[in-house]
Amino acid sequence: MDKIVIVGAGVAGVNAATKLVDNGYDGSKITIIDMGNDPYKRKPEEVMTGFLGAGGWSDGKLTYHTAIGGHMSKYCGEDKAMELFNEVITNFKRFHPNPEEVQCSNPIEEPDFIKPYFGLRLFPVWHVGTDYLHEIGKNWYDFLVDKGVEFIWKSKVTSIDFDARVQECTFEDLSNYKLYNIKYDRLIFGVGKSGIDFGKELAEEYDFKTEAKPVQIGVRFEAPQHHFQKLIDISYDFKLYRKFEDKGVSLRSFCTNNNAAYVAVESTYGDHSYNGHAKKDEAYRNNMTNFGILMEVRGIDKPFEWSREAVKKLQFEGTGMYYSPSRRPSNTSEGNLVKSKIQESTQPLFDAYGEYAQYIMDFIGDMKKVFPTLGDDWGMYMPEVKYLSPEPLVDYSNLAITAYPNVHFVGDALSARGITVSGAQGTYVAENIIKNLEQELAFESFGDNIEF
């Protein structure tokens with residue numbers, strides 16, 4: 001069997017390893033390297049790195065539609081994409097301590113009161129429950145370890161040699177700053193948000209053919225839940241959107257959290273940005289709602305660099321910014337104030353995003369019309385960003401880099417932007433590896449039966 005190295009223990013890499021060992025692949029031939037901790041040592045505030053990555057640690061909602069979270073169907077078609085989504089959802093149920101509590105919401109009708117200000121994207125969502133994610137992570141991790149999978153924690157891959165006869169990764173042990181090498185026959189590159197910069201460096205070093213991705217940037221909006229209850233009753237994880245085709249701009253609400261909803265700080269490339277999560281335990285209920293207001297902007301030259309510069313402009317004294325006409329920052333689920341610097345106006349948003357900031361303010365203005373009690377009872381944390389580096393072009397049948405058929409990109413490294421899609425990509429790659437192994441074994445068996 002090939003030696004497989006998986007860079008990143010996020011949802012994509014973990015689902016890939018699970019698919020492999022479920023189909024008889026020798027777990028001792030699989031090594032997963034991650035900058036974070038295993039689920040027993042990983043702290044709640046360690047949002048970006050560690051077992052199950054960012055999404056599998058703080059967001060218990062699995063979208064169930066091919067139009068959300070990345071374009072899995074472009075690689076394998078609609079039916080196959082949904083089959084892969086089902087496998088990911090099944091895994092979350094499989095390692096869930098109370099799988100009967102996993103529920104699917106499926107709103108089907110767009111309410112008239114949203115029109116004409118917004119469209120409303122309606123699609124099924126599986127609700128795993130944020131409170132259960134850590135226990136899911138422990139159960140899932142124990143399963144893979146029992147199968148022989150090796151995990152290397154608190155280690156950062158610093159270089160990968162794709163061209164050498166003996167291909168290998170170099171990684172740094174972050175506890176002692178020593179460098180180590182590990183050889184591989186196949187590499188699954190699933191670094192997540194924290195490693196997008198590294199993926200970009202590799203693409204430039206090896207001259208990957210890439211496809212530029214648009215800017216995805218905005219704010220994390222927060223308000224008392226009762227203002228939105230009329231819509232929440234129809235669609236818990238609602239997606240408001242609007243498009244300006246002639247301007248190359250579209251906006252959407254993203255990752256809605258209700259009931260026990262908390263804003264979370266993320267650190268990427270040393271800069272702070274904001275996201276959100278929701279607790280299931282009633283003891284955490286704060287009757288708040290938060291969601292991202294994200295813009296997709298097309299036509300910007302060097303969109304990745306533009307996004308990085310915009311985020312830097314929204315940093316102040318080591319953290320991001322907060323603006324509200326009436327409120328103050330809320331508490332995290334650990335009881336601390338969400339780290340941010342209060343601003344007296346929206347001017348920093350315009351300084352960072354330029355004319356595009358007005359689209360966000362207009363979005364908020366129209367929400368005040370649709371939800372008349374909202375008024376000035378809201379706040380926004382700046383920025384929220386989804387870094388999309390240029391997407392490497394891959395073989396659609398196995399997500400391998402076209403010039404390196406044994407190197408597969410998955411998850412955020414392939415612009416997945418969602419838990420379900422990331423897991424599906426990892427599963428898809430593993431499926432291809434299993435198929436190749438079965439073909440090799442069948443060929444060897446056929447050769448053994450030939451008489452000379």
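For the chain, the C-alpha radius of gyration sits at 0.99 times the compact-globule guess of 2.2 N^0.38 Å, with N the residue count. For THR170 and ASP281, a Förster radius of 35 Å and the Cβ-Cβ distance give a FRET efficiency of 0.25, rounded to the nearest 0.05. The H on the amide N of ALA264, modeled in the peptide plane, is under 5 Å from the matching H of ASN275, GLY276, HIS277, each at least 5 residues off or on a different chain. Ranked by the mean number of other Cβ atoms within 10 Å per residue, highest first, peptides 342-348, 283-289, 66-72 order as 66-72, 283-289, 342-348.
The residues of the chain have, on average, 42 Å² of accessible surface per residue, using a 1.4 Å probe with all protein chains present. In the P(r) worked out for the stretch 236-314, what percent of Cα pairs fall beyond 22 Å? That tail contains 40 percent of the Cα-Cα pairs.
Every Cα-Cα pair of the stretch 28-88 was included, and the share exceeding 17 Å stands at 55 percent. Were the residues from THR402 through PHE162 laid out at 0.36 nm apart, the gain over their Cα-Cα distance would be 85.2 nm. Stretching ASN37 away from ASN331 to a fully extended chain increases their span by 103.3 nm, per 0.36 nm per residue minus the current alpha-carbon distance.
Farthest towards the positive end of the charge dipole of the chain, among the residues GLY318, GLY270, VAL166, is the Cα of GLY318, using unit charges on the Cβ of Lys, Arg, Asp and Glu.
This model, with +1 at the C-beta of Lys and Arg and -1 at the C-beta of Asp and Glu, gives the stretch 149-304 a dipole about its Cα centre of some 600 debye. Rounded to the nearest 20, the size of the Cβ-charge dipole of the stretch 1-121 about its Cα centre is 320 debye, with Lys and Arg at +1 and Asp and Glu at -1. In a fully extended conformation the segment linking GLU438 and ASP2 would gain 155.7 nm over its present Cα-Cα distance, using 0.36 nm per residue.
Separation of the alpha carbons by more than 26 angstrom is noted, of LYS339/LYS386; LYS154/LYS213; LYS200/LYS280; LYS61/LYS193, for LYS154/LYS213; LYS200/LYS280. Here the stretch 344-390 is treated as a Stokes sphere of Kirkwood radius computed over C-alpha pairs; at 10 °C and 1.306 mPa s its diffusion coefficient rounds to 130 µm²/s. Taking the DSSP bridge list for the chain and keeping only pairs wholly inside it, about 80 percent are antiparallel. Ordering 41-47, 256-262 by mean Cβ neighbour count within 10 Å, with the highest value first, yields 256-262, 41-47. Projecting the Cα positions of GLY423, THR332, ILE4 onto the charge dipole of the chain (unit charges on Cβ atoms of Lys, Arg, Asp and Glu, taken about the Cα centre) puts THR332 furthest along the positive direction. Ligands, DNA and RNA left out, the accessible area of the chain computed with a 1.4 Å probe is 47% carbon and sulfur. Comparing PRO390, ILE433, ALA403 along the charge dipole axis of the chain, the residue lying farthest to the positive side is PRO390, per the Cβ-charge model. The dipole here belongs to the chain: it is taken about the Cα centre, uses +1 on the Cβ of Lys and Arg and -1 on the Cβ of Asp and Glu, and is about 1220 debye. Counting only the Cα atoms, the stretch 315-403 fills a convex hull of 208 Å³ per residue.
The values are calculated or read from the model by the stated rules, or taken from the named source; none is laboratory data. Predicted model only: the values in this text are computed from it and were never measured. With ideal geometry, Cβ positions are generated from the backbone for all residues, glycine too; neighbour counts draw on all protein chains shown. Heads up: the accessible areas ignore ligands, DNA and RNA and are worked out on the full protein's heavy atoms, side chains in. Shrake-Rupley method; radii C 1.70, N 1.55, O 1.52, S 1.80 Å.
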